[in-house]
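Right, one structure below, let's go through it.
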Amino acid sequence: MAECHPVGFQWVMEAKARGAKVIHVDPRFTRTSAVADTHVPIRAGSDIAFLGAIVNHILSNDLYFADYVKAYTNASHLVGEDFRDVDDLDGVFSGYDPETGKYDTDSWAYEGETEHAATTGPTAHADDQDGDDQDGDDHDGDDHASTAHEGGVSPGGESEQSESSRGAAHELGGHGASVEHQQIQRDETLQHPRCVFQVLKRHFARYTPELVQQACGITPEQFLEVCEAVTANSGRDRTTAWVYSVGWTHHTVAIQYIRTSAIIQLLLGNTGRPGGGIMALRGHASIQGSTDIPTLYNLLPGYLPMPMAGQHDTLAEMAAGIASSSQKGYWANARTYVVNLLKAWWGDAATEDNDFAYDYLPRLTGDHGTYATVMDMLADKIDGYFLVGQNPAVGSAHAKMQRLGLAHLKWLVVRDLNLIESATFWKDAPEIETGELRTADIDTEVFFFPAASHVEKSGSFTQTQRMLQWHHKAVDPPGDCQSDLDFFHRLGVKIRERLADSGDDRDRPVLDLTWDYPVDEHGEVSADAVLREINGFHLGGEKAGQALGSYLEMEDDGSTAGGCWIYTGVYADEVNQAARRKPGRDQSWVAPEWGWAWPANRRILYNRASADPDGKPWSERKAYVWWDEDQQKWVGHDVPDFEPDKPPSYRPPEGATGIAALAGDDPFIMQADGKGWLYAPSGLLDGPMPSHYEPQESPVANPVYRQQSNPTREVFPREDNLQNPSGDEPGAEVYPYVFTTYRLTEHHTAGGMSRWQPYLAELQPEFFCEVSPELARERGLEHLGWATIVSARTAIEARVMVTDRVVPLRMGDRVVHQIGLPYHWGVGNEALVSGDSANDLFGVTLDPNVHIQESKVASCDIRAGRRPRGPALLDFVADYRRRAGITTETGNQRRTPGTEGATS
């Protein structure tokens, strides 16, 4: 965090100065480790074993916050009799189909559910759909990616696409999964063998300190130190926070990493309370904003899922897919949120008679993100591409595939501050040197549009706390530089002018868009006006034209419009609330008048959980919101995340749904049963509870189950995406080391903002690898000399840094060496400094839930000296593949051979 988020780390240091204990768990000793109380070295890709053992420690020693767990989680809910855990089926849960690599999740349901809802709406079956992906330089759990190109390989090297559209067919947006809450059976004593509490206890029982040492390389003594610190600092009077970034999200089990942390926080009562929670650090200043107002292909603003072709042909079908008619919570108002979005986009053209122009919304036919898209480029299925603030030629996993894909386009638009490698690949990509590409043969026409920096435009950042902060334009952009807002507005104007006389129905969605934004004296759109449109406004009645004050004011009859329901309130009272900068000394410690946080300027989500079931603070020290009996409403330091006048004693009448179905002690108001989920009966594709699986490429055999890797991961068996053997597979010894990638303070993501800056380039001029003294001796590496790192995709070279910051990890009877690689460099001639890209080493394998790439860990070999040049590099890599016996099937069997019989 200190390395990649130095501004935010200020608050960690202030907390430490007041007595907070900082524990840093990371494969490397970093700037964060240097100021932490404890550094815990861990093998990259083994975090679930570590976190799962903390869960086991909490449960087996009765250290959980019993009153919180019983009242606010689903610990008492009974799981159906058909459920089987991974221990019963050799590494998979019940419902696994080895032919498709997918789960039928019906057996995970609660006891008494007559209709399981794991396949609600966008998650419904799409087995007959085709599919396509997305990613960026350094996004986190917000990256989405791809389809499973499984099966055989065509003569041309292209894999056959899976019959199932895995990339978008199961998207839940942000609404989570539905359950029929009225039918759930419970055991409030937590003793029933099938209650979630007991299921969880059995599941994590094998995650012991000894397993942690075997899987993670962490000693039992250091593991227990962490357990004792976390549990001692949790309960009525104290809370602990977990902080993560892409070190957790760029994995084939990414969602389950975060789920395990969430289980810990729920067990210890650290959710919805001050000083608790799980904080996702974003790679850019407004990555949170770019998922709220999404750049992701499968989401609409406010985490509404994109409709699927053939499944959501009407607005009613889409709304029903988002929320069950009988579930609890605010997602029951999903239709309202969608209608307001449609009215904001299409104004008077969106009427009740035409389903509010719902037919204008595009439909997903599968996965349309980066990785599947680049494979479609290679198949000449895509003519043109926009790259806006992205540098996939350096920043994406398997960057070589990205560069080769760009060479198949007819045109490419690049908007960036500098001529990044994705704009100049046609003349200076590494493949030009190897002969895989020839400039004369590349037909891609590149249009480069220089972009304005953040000081050259007005707008908002939305950071990790969900807080919008407004920044004002300081200077005009130089020359031809434009803001993204100005560029896309002008592009829209020109397209609409071209289509003005069109009578084609397909052009109506563009022509009917509300595009009448006010402009300044330079003809540039007012960002403030766009924020107001996102906030929303009344269209009729006494308040016609006035800004909405809250999403609770939205109506589903077309009388209000709002571009993103969770942002409604940011322009309340016709004031840009995000521009507020009241000093902290002049307001409360929660600082509600600095910026604006969604939703409703609420600084902590689910803060009803900061009070006990009777509405009283768990302790005075941690008082945050509470029920005021005299005023008959919720009050406190923050905006209560609950109906303000619903008393703790409220119990819904029989048959109640939506908000009315939330009891007075149901704090998790966006969950379908109002509770925090220790066990996920629906909504996830790779298991209701986290399980340790090895990364796609790992020299270590899974010490927990015979199943090596996530059995539902998305694999792409292609000649241009070969995988290293792992675990006990023949040939795994050819790639015996683990490497992990990371960022430096001096550079930013793929380098587009930093490698062109002389001061920063001088501070970190060359790509390097960090290795331990022991590994250096083993492989003959010299400090400041050169090393070649090789995988099944390619080989790269780096300067050697021999350092104690990376330590060998003893795991049982073996020692595992790890190599650290910062990924900021790329090969090109425009930047002040260049070098090989660490991301060239990765292949493409994806998490099944959010389709994010595994780009924080893989296996490799390392040897002294520089890599071969030109075509000799291809021969060098091919020789490694030959020695390892690699084919397109290597590493791509989802069910580990020898475990197939244990499937149900």
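The values are calculated or read from the model by the stated rules, or taken from the named source; none is laboratory data. No experiment lies behind these values; they were computed from the predicted model shown. Backbone-built Cβ (ideal geometry, glycine too); neighbour counts: all protein chains shown.
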Legend entry - Matching residues, the stretch 305-327, being part of a helix (DSSP H, G or I) and charged (D, E, K, R): 317
Inset, instruction - May I ask you to list the residues in the stretch 263-290 that are in contact with a helix residue (DSSP H, G or I) (Cβ under 6 Å, 6 or more places away or on another chain) and under 23 Å from residue 200 (Cα atoms)? - result: 263, 264, 267, 269, 271, 272, 278
Legend entry - Filter result (crowded, with 20+ Cβ neighbours inside 10 Å, touching an Asp or Glu at 6+ places or on another chain (Cβ under 9 Å) and of a type outside the set (S, T, N, Q)) within the stretch 405-425: 405, 407, 412, 415, 420, 421, 423, 425
Inset, instruction - From 395, 329, 435, grab the single residue that is at positive phi, of a type outside the set (Ser, Thr, Tyr), buried (at least 20 other Cβ atoms within 10 Å of the Cβ) and out of contact with any His (no Cβ under 6 Å at 6 or more places or on another chain). - result: 329
Inset, instruction - Keeping to the stretch 332-360, report how many residues are touching a residue at least 60 places away in the same chain (Cβ under 8 Å) and on the phi < 0 side of the Ramachandran plot. - result: 18
Inset, instruction - Report yes if some residue within the stretch 482-495 is under 28 Å from residue 580 (Cβ atoms), among the hydrophobic types (A, V, I, L, M, F, W, C), surrounded by 18 or more Cβ atoms within 10 Å (Cβ to Cβ) and in contact (Cβ under 8 Å) with a residue 60 or more places away in the chain; otherwise report no. - result: no
Inset, instruction - Have a look at 885, 898, 843 and point out the one that is within 30 Å of the chain's Cα centre (by Cα) and either among the aromatic types (Phe, Trp, Tyr) or within 23 Å of residue 728 (Cβ to Cβ) (or both). - result: 843
Inset, instruction - Having 3 or more residues that are over 19 Å from residue 275 (Cβ atoms) and within 24 Å of the chain's Cα centre (by Cα) is the bar; report the helices (runs of 4 or more DSSP H) wholly within the stretch 1-60 that clear it. - result: 47-60
Inset, instruction - Give the residues of the stretch 536-547 that are under 18 Å from residue 348 (Cα atoms) and not small (Gly, Ala, Ser), sorted by residue number. - result: 537, 538, 539, 543, 546
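Could you please let me know if residue 31 is free of Cβ contacts under 8 Å to residues at least 12 places away in the same chain and over 30 Å from residue 727 (Cα atoms)?
No; evaluated as a whole, the condition is false for this residue.
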Inset, instruction - Tell me, please, whether a residue that is crowded, with 19+ Cβ neighbours inside 10 Å, among the aliphatic types (A, V, I, L, M) and modelled with pLDDT of 95 or more can be found in the stretch 220-230. - result: yes
Inset, instruction - Only one of these is over 29 Å from residue 7 (Cα atoms) and touching a Phe, Trp or Tyr at 6+ places or on another chain (Cβ under 6 Å): 507, 501, 480, 512. Name it. - result: 512
Inset, instruction - Kindly indicate whether residue 37 is in contact (Cβ under 8 Å) with a residue 24 or more places away in the chain, among the charged types (D, E, K, R) and under 27 Å from residue 249 (Cα atoms). - result: no
Inset, instruction - Could you tell me whether residue 651 is out of contact with any strand residue (DSSP E or B) (no Cβ under 6 Å at 6 or more places or on another chain), assigned to a loop (DSSP other than H, G, I, E, B) and under 30 Å from residue 619 (Cα atoms)? - result: yes
Legend entry - Meets criteria (modelled with pLDDT of 95 or more, surrounded by 13 or more Cβ atoms within 10 Å (Cβ to Cβ) and not in a loop (DSSP other than H, G, I, E, B)) for residue 602: no
Inset, instruction - Go through the stretch 779-796 residue by residue and tally those that are surrounded by fewer than 19 Cβ atoms within 10 Å (Cβ to Cβ) and on the phi < 0 side of the Ramachandran plot. - result: 5
Inset, instruction - Could you list, in sequence order, all residues of the stretch 534-567 that are buried (at least 18 other Cβ atoms within 10 Å of the Cβ), touching a strand residue (DSSP E or B) at 6+ places or on another chain (Cβ under 9 Å) and among the hydroxyl-bearing types (Ser, Thr, Tyr)? - result: 560, 567
Inset, instruction - Test residue 93 against the stated conditions and say whether it is part of a loop (DSSP other than H, G, I, E, B) and modelled with pLDDT of 95 or more. - result: yes
Legend entry - Residue count for the stretch 862-879, restricted to those that are touching a residue at least 24 places away in the same chain (Cβ under 8 Å) and either in a loop (DSSP other than H, G, I, E, B) or surrounded by fewer than 21 Cβ atoms within 10 Å (Cβ to Cβ) (or both): 12
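Residue-wise test of (1) surrounded by fewer than 23 Cβ atoms within 10 Å (Cβ to Cβ); (2) in a strand (DSSP E or B); (3) over 32 Å from the mean Cα position of the chain (by Cα).
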{"residue": "760", "(1), (2), (3)": "yes, no, no"}
{"residue": "810", "(1), (2), (3)": "yes, yes, no"}
{"residue": "829", "(1), (2), (3)": "yes, no, yes"}
{"residue": "834", "(1), (2), (3)": "yes, no, no"}
Legend entry - Hits in the stretch 618-638 (condition: under 10 Å from residue 273 (Cα atoms) and buried (at least 17 other Cβ atoms within 10 Å of the Cβ)): 618, 622, 624, 625
Inset, instruction - Kindly list the number of the only condition in (1) part of a loop (DSSP other than H, G, I, E, B); (2) of a type outside the set (Phe, Trp, Tyr); (3) closer than 27 Å to residue 331 by Cα that fails for residue 566. - result: (1)
